Amino acid sequence: MTDTVILRAEATPFAPALVLRPWCVGDAPALVEAYRDPALRHWTSSAVRNEDDAMRWLRGQQRGWAAGDRFGFAVLEAPTDTPHRQLAGNVVLKEVASGKPSAEVGYWTAVHARGRAVAPRALQALTGWAFDTFGAGGLNRLELLHQVDNPASCRVAEKSRYAFDSVLPAAPPSFPFDGHRHIRRRDTEIPAGG
């Protein structure tokens with residue numbers, strides 16, 4: 001499945017199209033560069049400080065695809081004037097199991113790509129793929145969790161049609177503050193162009 005899954009999100013007037021594909025070993029340098037951003041390190045539980053950390057992280061992504069329970073995608077900007085694709089972020093579908101009605105989504109955006117609707121567009125592409133791929137197996141709800149002190153994630157959830165559901169109590173060390181749960185149901189209408 002890994003080699004054949006390529007997702008796309010359309011360009012906007014202000015940002016290039018996005019290509020989402022499974023992470024690969026060649027992404028290690030770009031991953032290390034993305035994790036130099038203090039804000040990214042603050043909001044994620046992963047620690048990617050060097051090439052060795054990046055390779056461990058990438059192997060974890062590959063194990064998830066092989067096990068069929070975690071599907072991470074590198075989000076690449078695809079400018080129309082060049083074949084070069086720059087890493088813009090990450091989206092992931094996790095905790096997938098046959099017969100289980102829900103799974104979780106997550107994402108991050110590289111610092112240079114923030115403010116260009118990368119996360120909402122990538123999340124919309126992932127959401128559609130998740131329901132198309134796993135809906136017949138019972139998946140009908142996706143959950144997006146974030147800490148309450150991360151208003152940008154709330155905006156991404158709203159733009160991606162993930163409705164606020166509940167406040168979650170803190171669960172240190174990985175979730176040190178209270179959080180929000182947003183939910184997107186399989187039957188949620190997708191707006192035109194989104």
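Points to keep in mind about this one:
- Any hit, region 117-136, residues being more than 19 Å from residue 13 (Cα to Cα) and part of a loop (DSSP other than H, G, I, E, B): no
- Residue 131 falls short on exactly one of the conditions (1) touching a helix residue (DSSP H, G or I) at 6+ places or on another chain (Cβ under 9 Å); (2) under 22 Å from residue 69 (Cβ atoms); (3) surrounded by 15 or more Cβ atoms within 10 Å (Cβ to Cβ), and that condition is (1).
- Scanning region 32-50 for residues that are surrounded by fewer than 12 Cβ atoms within 10 Å (Cβ to Cβ) and part of a helix (DSSP H, G or I), we see that the one that is modelled with the lowest pLDDT is 42.
- Residue selected from region 144-156 under the condition crowded, with 16+ Cβ neighbours inside 10 Å and at pLDDT below 90, by the criterion nearest to residue 40 (Cα to Cα): 150
- Top-ranked residue in region 56-86 [being within 17 Å of residue 29 (Cβ to Cβ) and at pLDDT below 95; ranked as nearest to the chain's Cα centre (by Cα)]: 77
So that you can scan it fast, the table gives a plain yes or no per residue for (1) touching a residue at least 40 places away in the same chain (Cβ under 8 Å); (2) under 10 Å from the mean Cα position of the chain (by Cα):
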position	(1), (2)
88	yes, no
95	no, no
127	yes, yes
136	no, no
139	yes, no
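- Beta carbons closer than 6 Å, at least 6 apart along the sequence or on distinct chains, pair a first residue in region 148-165 that is assigned to a loop (DSSP other than H, G, I, E, B) with a second that is surrounded by 13 or more Cβ atoms within 10 Å (Cβ to Cβ) and modelled with pLDDT of 95 or more for 160/120; 160/123; 160/124; 161/184; 162/144; 162/182; 162/184.
- Within region 1-31, considering residues that are assigned to a helix (DSSP H, G or I) and over 17 Å from the mean Cα position of the chain (by Cα), the one farthest from residue 51 (Cα to Cα): 4
- Taken as a whole, region 157-170 holds at least one residue that is within 22 Å of residue 87 (Cβ to Cβ), within 19 Å of the chain's Cα centre (by Cα) and modelled with pLDDT of 90 or more.
The values are calculated or read from the model by the stated rules, or taken from the named source; none is laboratory data. On a predicted model such as this, the values are computed, not experimentally measured, just so you know. Glycine also receives a Cβ, built like all others from the backbone with ideal geometry; neighbour counts cover every protein chain displayed.
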